[in-house]
Each structure stands twice: as C-alpha cells, then as structure tokens.
Amino acid sequence: MEDQPLRIAVVGHTNAGKTSLLRTLARRADFGEVSDRPGTTRHVERIELAVRDRAAVHFFDTPGLEDAVSLREHIDRTADAATPPERIRQFLRGPEAHGVFEQEAKVLRALLDVDAAFLVIDAREPVLPKYRDEIELLRSCARPVLPVLNFVRDPASREAAWKELLAAYGMHAVVRFDAAAPFVGAERDLYQDLITLLRDRRPQLEAVVESLAREAAERRDAAASRIAELLVDVAALRRQVAAADFEDEARRAPQVAQLQQTVFDKAQRCASDLLTLYRFRDGDAAEAPLPLLEGRWSMDFFSPEAMKDAGLRLGKGAAVGAAVGVVADLAAGGLSLGAGAALGGVIGGAISQGLGPLGRKLFNTLRDVHELSVDDGVLFVLADWQRALVRALERRGHAATSRIQVEPPRGAGHTQALSAAVRATAPARSHPEWARPPGRQRMDDTPQRRQVVAEAARHIARSIGTDP
C-alpha cells in the first residue's frame, strides 16, 4: 500500500480553480485548460507528482459539478440502497449517469476510486444553497475530503462565510490557497493537513513535504548560480576601440551601443533561463497566457537614474560612474598611463573599476587602443533586477495569467549581499576570456572562474533569502 502512489481527486464547482491548483502544485503551466468559460474541463485528467524520480501522487482533475441540486433530488427519489456510497454506486449504474448527469457521474466515479479529495472552492463566490448539495454528494462517497479555499487574497473573498459552512459539515481543517500567487508554505500546509486525514500514508506525505523543501532550495541555488554567471560574464566583457574612433563621437557611439546591446542580450538570456528553471515560459497557451515580463524588453540597465541609485547603494556616492568606462587610461603605482579620456554626456566619462593586468593596458596604450568595459553600477542593477525576478517567480503560481511585475525592494540586507556579489566578480576584470562568446550556451571553464562564480552565487543566494 505504502509503495503505491497516493490517488487524490481534485473536485469542486465549475470554475473554482481546480486545474489552476494542479498547475501550481505540479509546476506545469501547460497542464489542462484554464479559462473563464464554464465547464472548461470535460474529462478526468491525470497529472503526476514525482519524489526522487518515482511517482508519489497521482492527481485527478475532474469536471465541475454543474447541477448538484437536481442530482441529489434524483438520487433521493430513485436510490434505495442502505448506505450513501451504495446509493452513489446505484446511480452510477443507471442510464442518467451517461446522460443528463454525465459530468457529475465522472466526478463521483473518480471520487470512489481515490484515497482522498481536495475540494476546491472559489472563496469569492457567495455561499449559495447549491454548494450544500455538492458537499453532501461528495461526502456520500465516503472519502476524506480536504477543502481548499482558493483566491482568498481577492478583496471579494468570503472566507469567513465559507469556513462557517464547512464547519457545519464537520470540515474544520481548511487550507487557504491562491493558485495565482501561492502563500509561502501553502503547499507544505496542504500536505500536512492531508496527513491528518490519511494517517496511514504519513511516510509518503512527509516524503512529499521533504521533497518540496529540497527542490525549492535547489532551485534557489541554481538561480543564484545563473545570476552569478551573468555577472562574471558581463564583468569580463571588453571591447577594443581605436583611439581615433574613440575620440570621434559619431564613430564612438556605435561601439558603446554594441557593448550595451551585448549586456542587454545577456541579461535577457539569463531571465529566460530563470523562467525555465522555475518551469515558466516566455509565452504560454492562449487560454492562460504568460506574456513577456512587464518592462522586460525595455529595461534600461544604463540609465542615469539606475546608475545613481546603484551608486548610492554600492556606497560609491551619487556619481558612481558610467555604464561604460575607459579601461586603457589608468594610474597605477604613480605611473600615469593617460589623462582619463572623457566620454561626454553619453557615458558619463567614468573609468571602470578593477582594471586588470597593467601589462595589457600599457600595451594597448602604446598601440593607441582603448578598451571599453562595464561599470560596477551596471552589475549591481543587473543582479538586483534578476534577484527580484527570482523572488517574483517563487511567489507566482503556474496558473497565473497576469504579467509578472518586478519591483526590486530596497532592504539593507539584500543590498549588502548584492554589493558583496559585485565585489566578488572583481577577478573577472583581469580575464576577458571569461566572457561568454555570443551564441555560446556553454564554454570551457577554469577552476578560478568557477571559484569566482561560486563566491558571487553565495552572496546572491543570501540576497534572495533576505526580506523584504
């Protein structure tokens, strides 16, 4: 018994959010069909939740109960069996189960064949008499039923009224949920409450809870590593520009723009990888769209406002510097290698931090060549935005149809951690070969580069776990 997957039916009224709940629990944005149209799910569909690569739970998404009132009257009028489950089975053997009550019959047939059920309730709905009939029908199947109040965050939620109704039927264990934006720990609470109903399956359910926690930690670590890869990749970027081209604004501007576009593309690729990691997609099916992130494709990582804010938070003052700096001009050990060429209003005339080996810069200076690189302020903005995206994804259900709004918080704890992550990338300034070539998904790595990425990832992971 214990080595067999749990079988759980997800039941409820039409459009209560049953498929939405399953998308979130299984992290499958492509499961089933989500729509505002009534009766979207017409057949019982199964989805699997695996633990340690083995099926732990089989969920069954059922059609909505559409006419529980008439069905109860029919059963009361025609069934003469002794117990409620026998009366349900008697109805299922009759012609009406394949006719006028076909949808309800699918639900009841599934419920008789599972270990337990989640009764999904749209907490925004008024508590009407028909819902009492639905509860009576479900209880007649003699299976443990755990109510799940969905969409409880909505201002129109009638949570208190629903809890009062459920308590009248002895259902005191109620899970608060929101399939579009799950509460932190809501999944754990769901399975913990199920343990109280299925005590003989405690080991399996505890394994599910443990697996969920482990997977969440692994996803967060992987996200931190991906963001650290982005920072090291961008910190190592170099673009050589002949001095004559650099001094001419018309010829310099395209070089600066190309470097900025390269950074922009790398940032968007990282965002796409984070979406994939959390099992979201850039675009989803028409019935449940997950559009491109709000502002994602117009994010200006080089804006003066972003640089000023990054400078203040990095502790460098308001004039942190520009998004692109002149690497060739350097003063080191009392030897001035240049006067610090000004980039004008476009890039702020700043010189990048962490300028790498003196020999290469002296060689470039003698060749009358400048190198452009990316300022620490941009690294901070990149890390801050990606970190905010991860936190948004961790709080987003796979049934959500609205755009993700990413607003980086301003907590001191995460600012310190991100600043430490930016500082950890300093060795990349000396290794332009650490920058990933365009179009390359992977590259030959070195122990030193891996160490830098790991150190930056450690700080980023700390920032992701820091509130707010």
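Among residues of the range 8-36 being among the charged types (D, E, K, R) and either part of a helix (DSSP H, G or I) or outside the structural domain of Ile135 (by TED's automatic domain parsing) (or both), the one that is modelled with the lowest pLDDT is Arg23. Scanning the range 150-173 for residues that are at pLDDT below 90 and in contact with a helix residue (DSSP H, G or I) (Cβ under 6 Å, 6 or more places away or on another chain), we see that the one that is farthest from Phe280 (Cα to Cα) is Ala173. Is it the case, given these coordinates, that Ala167 is more than 15 Å from Gly64 (Cβ to Cβ) and over 34 Å from the mean Cα position of the chain (by Cα)? The answer is yes for Ala167. One residue stands out among those in the range 221-261 that are β-branched (Val, Ile, Thr) and out of contact with any Ser or Thr (no Cβ under 7 Å at 6 or more places or on another chain): the one that is modelled with the highest pLDDT, which is Ile227. Annotation for the range 259-281: no member residue is out of contact with any strand residue (DSSP E or B) (no Cβ under 8 Å at 6 or more places or on another chain), outside any helix (DSSP H, G or I), closer than 30 Å to Glu433 by Cβ and not aliphatic (A, V, I, L, M).
Scanning the range 247-265 for residues that are crowded, with 16+ Cβ neighbours inside 10 Å and under 23 Å from His431 (Cα atoms) yields a total of 7.
How many residues are more than 14 Å from Arg139 (Cα to Cα) and touching a residue at least 12 places away in the same chain (Cβ under 8 Å) when one looks only at the range 76-89? Give the derivation first.
Here is the first cut: in the range 76-89, the ones more than 14 Å from Arg139 (Cα to Cα) are 76-82.
Going one step further and asking which of them are touching a residue at least 12 places away in the same chain (Cβ under 8 Å), we end up with 78-79.
Residues that pass the stated criteria total 2.
Among the residues of this structure, Ala216 counts as one that is in a helix (DSSP H, G or I), under 20 Å from the mean Cα position of the chain (by Cα) and not assigned by TED's automatic domain parsing to the domain that holds Arg436.
Put simply, of Leu190, Leu194, Leu205, Leu198 the only residue that is out of contact with any Cys (no Cβ under 6 Å at 6 or more places or on another chain), surrounded by fewer than 21 Cβ atoms within 10 Å (Cβ to Cβ) and closer than 28 Å to Thr24 by Cα is Leu198. Scanning the range 226-246 for residues that are crowded, with 18+ Cβ neighbours inside 10 Å and in a helix (DSSP H, G or I) gives Arg226, Ile227, Ala228, Glu229, Leu230, Leu231, Val232, Asp233, Val234, Ala235, Phe246.
Does Ala399 count as within 30 Å of Lys18 (Cβ to Cβ), crowded, with 20+ Cβ neighbours inside 10 Å and either assigned by TED's automatic domain parsing to the domain that holds Arg239 or modelled with pLDDT of 80 or more (or both)? Judged against the criteria, Ala399 is a match.
Inclusion of Asp193 among residues that are in contact with a strand residue (DSSP E or B) (Cβ under 7 Å, 6 or more places away or on another chain), part of a helix (DSSP H, G or I) and modelled with pLDDT under 85 is not warranted. Tell me which of these Lys163 doesn't satisfy, since it passes every other one: (1) in the same structural domain as Arg458 (by TED's automatic domain parsing); (2) free of Cβ contacts under 8 Å to residues at least 40 places away in the same chain. Status for Lys163: all satisfied but (1). Just one residue in the set Lys106, Lys130 is out of contact with any helix residue (DSSP H, G or I) (no Cβ under 7 Å at 6 or more places or on another chain) and among the basic types (Lys, Arg); that residue is Lys106. Can we say Ile227 is among the β-branched types (Val, Ile, Thr), touching a residue at least 24 places away in the same chain (Cβ under 8 Å) and assigned by TED's automatic domain parsing to the domain that holds Ala426? Yes. Could you tell me which residue of the range 361-396 is modelled with the highest pLDDT, considering only residues that are assigned to a helix (DSSP H, G or I) and among the polar types (S, T, N, Q)? Going through the qualifying residues, I end up with Gln386. Taking each residue of the range 200-216 that is without any contact (Cβ under 8 Å) to a residue 12 or more places away in the chain and looking for partners that are hydrophobic (A, V, I, L, M, F, W, C) with beta-carbon atoms closer than 6 Å, six or more apart or interchain, yields Arg202/Ile195.
Of all the numbered requirements in (1) over 32 Å from the mean Cα position of the chain (by Cα); (2) under 21 Å from Thr19 (Cα atoms), Asp189 misses one, and that requirement is (1).
The values are calculated or read from the model by the stated rules, or taken from the named source; none is laboratory data. Values in this document were obtained by computation on a predicted structure and should not be read as measured data. All Cβ positions, glycine included, derive from the backbone under ideal geometry; neighbour counts span all protein chains shown.
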